[in-house]
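Data block below; observations after.
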Amino acid sequence: MGLARTLLNDIDVVFEQDPAARSRLEVIFTYSGVHAVWGHRIAHGLWKRKWYFLARLLSQIVRFMTGIEIHPGAKIGQRLFIDHGMGVVIGETCEIGDNVTIFQGVTLGGTGKEKGKRHPTVKDGVLIASGAKVLGSFTIGEGARIGAGSVVLNEVPPHSTVVGIPGKIVVQNGIKVSSARSLDHHALPDPVADKIAELEREIARLKAEYSKLADKQSTLD
């Protein structure tokens, strides 16, 4: 795909994902996520040509301007949408597919000083909500959703929803979920709240059973 088409795709995805976007001119001049992606595309080209210093220098300039740090070695597909973006960090060996959405404060990082592939691979159509941390060399499957504030340390199957610390899969194939590209990540399941509700139901059941036993004992007396 040509450079011009790639740049247009980076603009078009903003209109699909952000209802606040009003014009191409506004997106080009005011959207830090677009600036960061465009800066990375140039820096990555320099990196592939082994102009490492220039690539890193450009990436740091873009980081200073946008608050978004993308290592020039990272591989990014088409139509990446970074919403707001402040505090986003994408590591050197990270691979991101097409039509991925990332919100502010997301880290796609490693877990230590290991060599080689040490950052996650994010497949097509993934949504990673605000503040989520995805740490390690594993794959986030196609169409998966990572809830806000989650810490993901293990592989996520395609079309799954992960929430919590550490991240747990709460929705998987066979259960109807909204599109992974939708922005309703505020409506993700809450496994902690679900567990509390389960405990409350169990307590209510035990109370009812105790009440029956107490009534039976009083009748015998």
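The values are calculated or read from the model by the stated rules, or taken from the named source; none is laboratory data. Only a predicted model underlies this, so the values are computations on that prediction, with no experimental measurement involved. Here the Cβ is made from the backbone with ideal geometry for all residues, glycine too, and neighbour counts use every protein chain on show.
Quick check on Ile42: is it among the β-branched types (Val, Ile, Thr) and surrounded by fewer than 17 Cβ atoms within 10 Å (Cβ to Cβ)?
When the stated conditions are applied, Ile42 passes them.
Could you please let me know if Glu114 is over 22 Å from Pro157 (Cα atoms) and surrounded by fewer than 23 Cβ atoms within 10 Å (Cβ to Cβ)?
Answer is yes for this residue.
Out of everything in the range 105-145 that is hydroxyl-bearing (Ser, Thr, Tyr) and out of contact with any Asp or Glu (no Cβ under 9 Å at 6 or more places or on another chain), what residue ends up being nearest to Arg79 (Cα to Cα)?
In this case the residue turns out to be Thr107.
Of these, Ala55, Ala74, which one is farther than 21 Å from Ser137 by Cα, among the aliphatic types (A, V, I, L, M) and surrounded by 18 or more Cβ atoms within 10 Å (Cβ to Cβ)?
Sole residue among the options that is farther than 21 Å from Ser137 by Cα, among the aliphatic types (A, V, I, L, M) and surrounded by 18 or more Cβ atoms within 10 Å (Cβ to Cβ): Ala55.
Please determine, by comparing only the residues of the range 80-114 that are of a type in the set (Ser, Thr, Tyr) and over 11 Å from the mean Cα position of the chain (by Cα), which one is modelled with the lowest pLDDT.
Thr111
All but one of (1) over 19 Å from Glu95 (Cβ atoms); (2) more than 21 Å from the chain's Cα centre (by Cα) hold for Gly45, so report the exception by its number.
With respect to (1) over 19 Å from Glu95 (Cβ atoms); (2) more than 21 Å from the chain's Cα centre (by Cα), Gly45 is out only on (1).
Mind checking which strands (runs of 3 or more DSSP E) fall wholly inside the range 128-221 and carry at least 2 residues that are at pLDDT 85 or above?
Because the criterion is at least 2 residues that are at pLDDT 85 or above, the strands (runs of 3 or more DSSP E) in the range 128-221 that meet it are 133-135, 161-163.
Yes or no: Ala74 within 22 Å of His119 (Cβ to Cβ) and in contact with a strand residue (DSSP E or B) (Cβ under 6 Å, 6 or more places away or on another chain)?
Yes: the conditions hold for Ala74.
Residue-by-condition table, conditions (1) farther than 23 Å from Leu127 by Cβ; (2) of a type in the set (Lys, Arg); (3) assigned to a helix (DSSP H, G or I):
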{"site": "Val13", "(1), (2), (3)": "no, no, yes"}
{"site": "Ala21", "(1), (2), (3)": "no, no, no"}
{"site": "Ser59", "(1), (2), (3)": "yes, no, yes"}
{"site": "Phe64", "(1), (2), (3)": "yes, no, yes"}
{"site": "Arg79", "(1), (2), (3)": "no, yes, no"}
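Restricting to the range 23-45, give me the number of residues that are in contact with a Ser or Thr (Cβ under 9 Å, 6 or more places away or on another chain) and farther than 24 Å from Leu127 by Cβ.
Matching residues across the range 23-45 total 1.
Looking at the range 113-131, can you tell me whether even one residue there is over 21 Å from Asn9 (Cα atoms) and β-branched (Val, Ile, Thr)?
yes
Quick one: which of Gly39, Gly67, Gly45 is assigned by TED's automatic domain parsing to the domain that holds Leu7, at positive phi and without any contact (Cβ under 8 Å) to a residue 40 or more places away in the chain?
It is Gly67.
Being assigned to a loop (DSSP other than H, G, I, E, B) and either over 24 Å from Trp38 (Cα atoms) or among the aliphatic types (A, V, I, L, M) (or both), is that true of even one residue in the range 89-97?
Checked the range 89-97: no residue is assigned to a loop (DSSP other than H, G, I, E, B) and either over 24 Å from Trp38 (Cα atoms) or among the aliphatic types (A, V, I, L, M) (or both).
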